[in-house]
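Please read the structure below before turning to the comments.
The values are calculated or read from the model by the stated rules, or taken from the named source; none is laboratory data. Note that the coordinates shown come from a computational prediction; the quantities given were computed from them, not determined experimentally. Reconstructed Cβ throughout: ideal geometry from the backbone, glycine too, with neighbour counts over all protein chains shown. Accessible surface areas use protein heavy atoms only, side chains included; no ligands, DNA or RNA. Shrake-Rupley method; radii C 1.70, N 1.55, O 1.52, S 1.80 Å.
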Amino acid sequence: MGKYHFNEIEAKWQKHWAENQTFKAENDSNKPKYYVLDMFPYPSGAGLHVGHPLGYIASDIYARYKRHQGYNVLHPQGYDSFGLPAEQYAIQTGQHPAKTTEENIARYREQLDKIGFSFDWSREVRTSNPEYYKWTQWIFIQLFESWYDKDLNKARSIEELRAIFSSEGNVHINAVCDEGIAHFTASEWLGFLETEKQEILLKYRLTYLAETEVNWCPQLGTVLANDEIVNGVSERGGYPVVRKKMKQWSMRITAYAQRLLDGLDKIDWPQPLKDSQTNWIGRSKGATVTFKVENVPSSAVEKSYSIDVFTTRPDTIFGVSFMTLAPEHDLVSKITTAEQKEAVEKYVEATAKRSERERMADVKTITGVFTGAYAEHPFTKEPLPIWIGDYVLAGYGTGAVMSVPCGDQRDYDFAKHFNLPIPNIFKDADISEEAYSDKENTIITNSDFLNDLNYSEATDKIIAALEEKGIGKGKINYRLRDAVFSRQRYWGEPFPIYYKDGMPHVIPTECLPLRLPEVEKYLPTEEGEPPLGRADDWAWDVEKLSVVSCELIDHKTVFPLELNTMPGWAGSSWYFFRYMEDEKRDEVFASKEALNYWKNVDLYIGGSEHATGHLLYSRFWVKFMHDRGLVPVDEPFKKLINQGMILGESAFVGRYSGYFKISVFNIEEVEIQREPLLKDNPIMELISEKAELFVSLKMQDELKILQEKAKIIALENFNNKLEQASKPSFKTEIRIEFLNAQLDLIHSDVSFVNNSNELDIEAFKNWREEYKNAEFITEEDGTFKVSREVEKMSKSKYNVVNPDDICNQYGADTLRMYEMFLGPLEQAKPWNTAGITGVHGFLKKLWKLYHSASPNPSEGGEQEFIVSEDNASKESLKTLHKTIKKTQEDIENFSFNTSVSSFMIAVNELSAEKCNSREVLEPLAILISPYAPHIAEELWEKLGHSESISTAPFPKFEEKYLVESTKEYPISFNGKMRFTLELPLDISKEEIESAVMAHEKTAQYLEGRTPKKVIIVPGKIVNIVG
RNA sequence: GCUCGAGUGGCGGAAUUGGUAGACGCGCUGGAUUCAAAAUCCAGUUCUUUCGGGAGUGUGGGUUCGAUUCCCACCUCGAGUACCA
């Protein structure tokens, strides 16, 4: 073998690596550890396109580099295999989602294997495997058995909470829990029934059951989390989402809001990603204030109510002129007066019906209604009318605001719209057009004891006053909501929960996994229960400790099981720990030894779309697991890199569709059933069907040609129709008149188009039935050209490029290098297959470097492998060491595109130098091996090594080979480079100056002037000013 | 609207601390080799020019001997977010 037969080489090494488990990570090693992870792929039915492996290639290069650096590298891969698409497919086809998931995974694996990744497949995980979700359920139970102690600022066991309740009741408990839990003493607690105790405990658990306002998606038949909704419609499928109250499992992630925020400072993540988590958590500092509702004689119940509000501007409290409640606010029905009842109820009903999307679509329309009730200003005692309005969100703060129209634009707009007073409490502020919301330059006035104070002084003073009066206090508020954890779906983890007396109970951990039951259909039941409601055997027998038939439910020993399943993020919130364990997977989710050895993920690569989903939830779970002593770390991913999207270059075929008026005349005047047919009146007039014609790019402006051609098609179609019908018995003439036309561009599959944008017309015709007989107008040279446009790579745009095809045609090493060569990892960039020949040519050149220049007849006419043991030239060594330095720096900065360039430069230089010495070529193979591992292994073997190149030590950079004695100085005049001058590096500034001044070109550029100044930076530049 | 990021040849992009703008690759042009094609190799390729030179990194200003790089204002594109009190 002498030519670069990449297909053979790659198949050979992929087989070798698999058979020898070359990349198996050791849990017991003297080497330092390094953990490189890719974001969990969901195995979709469409398979991989060239955009998907981008991040995997980058992480693989880094993993291989770290192995060369002497690290014990963990670089695993697996599948986030529960999820909506498989279930939607199951609903449509009746196929079990496990089956399609299996098939999709097989296809993914096949594609991944072709690219030559150094994954340790022995540690693969799949979230839908019972052996895996057993532990997801187990972690859920840990959450259920935990509560959050605000004083210790960590999660603790529920057993400890019970102990506290038994000894001192709940009065001194400072926990993150439901609102409005009644106080009880220890003896009261001990007197409660078990069901009552469970009811109370549920309000403290980190995962709890509650009636919540959720995002219901009727088309998907499930609720969605906030991060699963994009622009008011579902992320998957784009279906509308409405608000609905449902009993749901929730996760008390809000307990961790501050720690999730603080933790961001400790991790090396891209700033935009941190920003979006910061915004999502949405911390704001302010105060809660309680407003008393004035007793209204005509209201339904005569009782004293109060409204709590949260405000970030307590300093503006003297500017309050009314109160606004969210329509969903509990108090609305209680305080509304009889006169306003009808209007209020109508309004509440109307807003409930509006979907999220509608609400978002019209932010501008101001709506609201007066309740008839008044609140009392806590300081001035003025009555404040209480309104409801849907600009106040039920889910944020307390669902009520103190409206300060002079300082808040929304309050201002509302006040203007309903003619409410707008008192001004800002000194020298103009509020005639809009609210004055500047915090920094504000001086408060008309505000009693706050007069003449600025924002921060006034805020401190008012909070002190509120606290003294006991009607408010300083408070930090978060936008982050508790995460809804129930999904009304089949293809997810079952909750290890059964219901006794309406209270949830966990099934014993030794009975896990609680396996997903079989159902005959994947749809909700007629009663609207989730698909698990269709299972025959879905009840828990507490004596037999097993799942039994639903018919046996007696609520004494056999109880119904939970029908919801967990959301997609359950399994992906802890999977990175599972990879750490390789032997004791049956006993633990991951052993202490494994967790302590691998700690956290050192490098995590994936897309930025998971910013507020997976990446927030997994941080939450890890912090929780850390609190409960389950893992030693409190952040999962130390360093994170977002890879940019690879975009597709869609191909567009021009389609001209013209319409004609076709009129049929008879030529002879004949009588048909006594009706004379007259020559000059048409016997028939019709508008032609669209005459479709495909037009090559440069012909698209040739309207005359297009019209002519389209006319022929229209006529042909007409004649065919006429022939199929009965032919008239008289002579006819057809006249045709052009009406109008349009040219549109339609997607063609990019596989029909070559690198010169020429369409394979035959392939295009065979693509669709309706194109079979289509007509094509080509360029003058007979080719048909398409236009190109960069779009997202997607099946529906027919611009998907398959990595398998690239591997077959150019090889995996070429694919890997080219993906890196396209541009910076983090940036979005278009894929253009045409450019791939450059890196492919580079690999061929690299191969040649290790082989004889001319074919050797004794080698069957092929080039012979030739590497000499002679010393390399000075230039070659310089090339090598320059490349070592650059490659190392580039990999460490994740600048993979530039190191591919530097390899090209190195190979170009070494080829020119005719270098073939082992001293240079051996280290060169190692340098390139992270990028192009197959060719590197092959050359390594030819160089006489029997061990894999993958653990060969990375070449050591030595400065001495780069030391120069002279420098080609750029000589600038007023900052413009004019010529260069080679000078020794060891001469003084003065010597440089005299050498430059003595140069003939200097005089030429000075044109007789005397320089004002000569700037000399030794080793860099010379700049002459004047 | 707010937050963040980015604007450099025909294209993807390079220039790591302010120091020769356009590395490397694609494409294009010309040439060698070949019966021919593929492959390979060589030369050229920012624009403009009266062939001396001149202009040039989104726009306008500033700092500097010197700015793609730093500062100010603006324009355009992309991403995220969306009444958060």
Percent of accessible area on region A:1-150 owned by carbon and sulfur, 1.4 Å probe? 47 percent
Simple Cβ-charge dipole of chain A, Lys/Arg +1 and Asp/Glu -1, about Cα centre, in debye nearest 20: 1340 debye
So what are the radius of gyration and Dmax for the Cα set of region A:283-478, in Å? 16.4, 46
With every protein chain present, what is the per residue accessible area of region A:964-1025 (1.4 Å probe, Å²)? 65 Å²
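Label region A:658-792 by shape, choosing from rounded, prolate and oblate, from the square roots a ≥ b ≥ c of the eigenvalues of the Cα gyration tensor; if a/c is under 1.5 it is rounded, and otherwise prolate applies when a/b is larger than b/c, oblate when it is not.
Since a/c reaches 1.5 and a/b is larger than b/c, the shape of region A:658-792 is classed as prolate.
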Given the protein chains as shown and a 1.4 Å probe, how many square angstrom of A:T951 are accessible, to the nearest 10? 80 Å²
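What length, rounded to one decimal in nm, is gained on full extension from A:T898 through to A:E791, with 0.36 nm per residue of separation minus their alpha-carbon distance?
So the chain would gain 36.0 nm between A:T898 and A:E791.
Suppose R0 equals 51 Å; then what is the FRET efficiency for A:E168 and A:E345 from their Cβ-Cβ distance, rounded to the nearest 0.05? The partial results should precede the final answer.
Values: r = 45 Å, r/R0 = 0.88.
That pair, A:E168 with A:E345, gives E of 0.70.
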List the lysines whose Cα lies under 29 Å from the Cα of A:K795, skipping any in the same chain that are fewer than 8 positions away. A:K99, A:K114, A:K521, A:K690, A:K698, A:K765, A:K772, A:K785, A:K829
Cβ-based charge dipole, region A:764-888, positive-most Cα from A:A774, A:F784, A:V839: A:V839
Counting only protein chains, not ligands or nucleic acids, how are A:L152, A:L331 ordered by accessible area (probe 1.4 Å), most first? A:L152, A:L331
Are there any helices in chain A, counted as whole DSSP H runs, that stretch 18 Å or more along their axis by Cα and score at least 0.0 on average by Kyte-Doolittle, and if so which? A:836-849, A:896-912
Report the far tail of the P(r) of region A:65-216, meaning the percent of Cα-Cα pairs longer than 21 Å. 65 percent
Using heavy-atom solvent-accessible surface (probe 1.4 Å) with all chains present, what is the largest-first order of A:H329, A:H934? A:H329, A:H934
Thinking of chain A as a set of Cα atoms, what percent of all their pairs are more than 45 Å apart? 54 percent
Ignoring ligands, DNA and RNA, what percent of the 1.4 Å accessible area of region A:809-961 is carbon and sulfur? 50 percent
Cβ-based net charge around A:L825, under 12 Å, with every Lys or Arg adding one and every Asp or Glu removing one: -2
At A:K731 and A:K521, where each label point lies 7 Å from the Cα along Cα→Cβ, what is the point-to-point distance in nanometres? 6.9 nm
What accessible surface, in Å², does a 1.4 Å probe find on A:S868, ignoring ligands, DNA and RNA and rounding to the nearest 10? 20 Å²
If one computes the Cα centroid of region A:497-576 and of region A:966-985, what distance in Å separates the two points? 79 Å
Within region A:923-1026, GluC sites (Glu not before Pro) in DSSP loop having at most 16 other beta-carbon neighbours inside 10 Å: A:E947, A:E958, A:E964, A:E1007
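Which entries of A:K66/A:K274; A:K334/A:K416; A:K427/A:K461 have Cα-Cα distances beyond 20 Å here? Before the final figure, lay out the partial values.
Numbers: A:K66/A:K274 27 Å; A:K334/A:K416 27 Å; A:K427/A:K461 18 Å.
Distance filter (> 20 Å) returns A:K66/A:K274; A:K334/A:K416.
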Residues with amide H under 5 Å of A:F738's amide H, sequence separation 5 or more or different chain, H placed in the peptide plane at 1.01 Å from N; which? A:K661
How much area per residue is accessible in region A:283-478 when the probe is 1.4 Å and only protein heavy atoms are counted (Å²)? 51 Å²
The lysines whose Cα lies under 19 Å from the Cα of A:K731, excluding any fewer than 8 residues away in the same chain, are A:K679, A:K721
What does the convex hull of the Cα atoms come to per residue for region A:799-947, in Å³? 127 Å³
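Report, to the nearest whole %, how much of the accessible area of region A:171-215 belongs to carbon and sulfur atoms, 1.4 Å probe, protein only.
51 percent
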Among A:N446, A:G372, A:L962, the residue whose Cα sits farthest towards the positive end of the charge dipole of chain A, when +1 is placed on the Cβ of each Lys and Arg and -1 on the Cβ of each Asp and Glu, is A:L962
May I ask you to give the solvent-accessible area per residue for region A:36-171, in square angstrom, as obtained with a 1.4 angstrom probe? 31 Å²
Just how much of A:R918 is accessible, in Å², when a 1.4 Å probe is used and the result is rounded to the nearest 10? 60 Å²
Note, A:G658: beta-carbon cut-off 14 Å, +1 each Lys/Arg, -1 each Asp/Glu, net -2
Listed by chain and number, the aspartates and glutamates with an alpha carbon less than 19 angstrom from that of A:K942, same-chain partners under 8 positions apart left out, are A:E8, A:E10, A:D813, A:E859, A:E862, A:E864, A:E869, A:D870, A:E919, A:E922
Given unit charges at Cβ for Lys, Arg (+) and Asp, Glu (-), the dipole magnitude of region A:180-259 about its Cα centre in debye, nearest 20, is 140 debye
Could you work out [θ]222 nm for chain A from helices alone, using -39500 (n - 2.57) per DSSP H run of at least four and dividing by all its residues? Round to the nearest 500 deg cm²/dmol. -10000 deg cm²/dmol
Ordering of A:699-708, A:488-497, A:557-566 by burial proxy (mean other Cβ atoms within 10 Å per residue, highest first): A:488-497, A:557-566, A:699-708
